[in-house]
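Here the structure comes first, spelled out in structure tokens, and everything after it is commentary.
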Amino acid sequence: MRAEEREIRFDHLTSPEVGAALAEGWTTVVFACGATEQHGPHLALSMDASHGTALAEAVARRLGRALVAPTVRVGCSEHHMAFPGTLTLRKETFHALVEDVVASLGRHGFRRIVVLPTHGGNFAPLADGMASFRAAAPEAEVLACTDLGVVMEVWTRVAQEFGGLGAGVGGHADVAEGSILLALHPERVRPHRVEPGRVGPLDADVTARLFAHGMKAVSSNGILGDPTGMNAPLGRRLVDALAQRLVEDLGEA
Ligand SMILES: [Zn+2]
């Protein structure tokens, strides 16, 4: 079977199939840490988890001989709790969860474990936890993308190149995330509810207020950026472009 045709997602594989892949040297595994949280009036709560699974698969395909472990679907979303439906983990719970998943993967023989945050609130907790994740799987190389700036840079560049939509990228429920969910799960998008959120750069001041006082302190509708113009072809490009960039960065890690 050619690598690009093989099913690589744990959720779709049996235990003997994972075992066979490991025996054939498929010892890299990728998983995302997403969220279940508000994404404005137009996107379903699964946004970051749905993106995570797609991004993890795109990264794994590029790495080659890599499987995709299940996405962690709840993250550190305290700053979104003013909006109904949002679920959040305490940082200690999140650390323990990721640590135990990494440890499990290491015990099965995975030798390179790649963790991809697809929710802004997970980047800092993941960075803080790297030492304990590495200790949990001492025979594996544990890698994580912990720079939110890379995501914003790729999204802004690609959205600008593809339709001049770079100004709509703000980091949350924006033209980038709206496009990605349209590409992955159009039935989870409410296009008639699209409206601008807080526009302007997501600088250190805004980020500090966001995490200290919650999303409502910086954006009453829960959007950072402007989803106007979102479209599925852009969403597919965004997933591919970010996967490509992350793989390049991993090669240099
Ligand atoms: Zn999101």
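The values are calculated or read from the model by the stated rules, or taken from the named source; none is laboratory data. What you see is a predicted model, and the numbers here were worked out from it, not measured in a lab. All Cβ positions, glycine included, derive from the backbone under ideal geometry; neighbour counts span all protein chains shown.
All of (1) out of contact with any helix residue (DSSP H, G or I) (no Cβ under 6 Å at 6 or more places or on another chain); (2) away from the ligand (no atom under 16 Å from the Cβ) hold for residue 121 with one exception: (2). Scanning region 20-32 for residues that are more than 16 Å from the ligand (Cβ to nearest atom) and in contact (Cβ under 8 Å) with a residue 60 or more places away in the chain, we see that the one that is farthest from residue 56 (Cα to Cα) is 22. Would you be able to say whether some residue in region 20-30 is surrounded by fewer than 21 Cβ atoms within 10 Å (Cβ to Cβ) and either in contact with a Pro (Cβ under 9 Å, 6 or more places away or on another chain) or under 30 Å from residue 193 (Cβ atoms) (or both)? Within region 20-30, not a single residue is surrounded by fewer than 21 Cβ atoms within 10 Å (Cβ to Cβ) and either in contact with a Pro (Cβ under 9 Å, 6 or more places away or on another chain) or under 30 Å from residue 193 (Cβ atoms) (or both).
Can you name every residue in region 5-23 that is basic (Lys, Arg) and part of a loop (DSSP other than H, G, I, E, B)? Listed by number, the list holds a single entry, 6. Looking across region 33-92, the residues that are more than 16 Å from the chain's Cα centre (by Cα), within 13 Å of the ligand (Cβ to nearest atom) and part of a loop (DSSP other than H, G, I, E, B) come down to 40, 42, 83, 86.
Could you list all residues from region 155-173 that are surrounded by fewer than 24 Cβ atoms within 10 Å (Cβ to Cβ), touching a Leu at 6+ places or on another chain (Cβ under 6 Å) and either over 19 Å from residue 49 (Cα atoms) or among the hydrophobic types (A, V, I, L, M, F, W, C) (or both)?
Listed by number, the residues that qualify are 158, 162.
When region 133-170 is filtered for residues that are outside any helix (DSSP H, G or I), touching a residue at least 60 places away in the same chain (Cβ under 8 Å) and either over 25 Å from residue 92 (Cα atoms) or in contact with a Cys (Cβ under 7 Å, 6 or more places away or on another chain) (or both), the ones remaining, listed by number, are 162, 163, 165.
State whether the residues of region 23-46 include one that is touching a strand residue (DSSP E or B) at 6+ places or on another chain (Cβ under 7 Å) and at positive phi. Checking region 23-46: not a single residue is touching a strand residue (DSSP E or B) at 6+ places or on another chain (Cβ under 7 Å) and at positive phi. Checked against the criterion of being in contact with a Leu (Cβ under 6 Å, 6 or more places away or on another chain) and crowded, with 16+ Cβ neighbours inside 10 Å, the candidates 222, 235 yield just one match: 235.
The requirement of being away from the ligand (no atom under 14 Å from the Cβ), among the acidic types (Asp, Glu) and under 20 Å from residue 124 (Cα atoms) is satisfied by residue 203. Within region 194-219, being among the basic types (Lys, Arg) and crowded, with 21+ Cβ neighbours inside 10 Å holds for one residue alone: 198.
For the condition in a loop (DSSP other than H, G, I, E, B), within 14 Å of the ligand (Cβ to nearest atom) and surrounded by fewer than 24 Cβ atoms within 10 Å (Cβ to Cβ), residue 109 does not qualify.
Just checking, does region 147-164 include any residue being away from the ligand (no atom under 16 Å from the Cβ), at positive phi and of a type outside the set (Lys, Arg)? Scanning region 147-164 turns up at least one residue that is away from the ligand (no atom under 16 Å from the Cβ), at positive phi and of a type outside the set (Lys, Arg).
To keep it simple, each residue is scored yes or no on (1) part of a helix (DSSP H, G or I); (2) at pLDDT below 95; (3) under 19 Å from the mean Cα position of the chain (by Cα).
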residue: 176; (1), (2), (3): yes, no, yes
residue: 196; (1), (2), (3): no, no, no
residue: 201; (1), (2), (3): no, yes, no
residue: 230; (1), (2), (3): no, no, yes
residue: 234; (1), (2), (3): yes, no, yes
residue: 237; (1), (2), (3): yes, no, yes
residue: 240; (1), (2), (3): yes, no, yes
residue: 244; (1), (2), (3): yes, no, yes
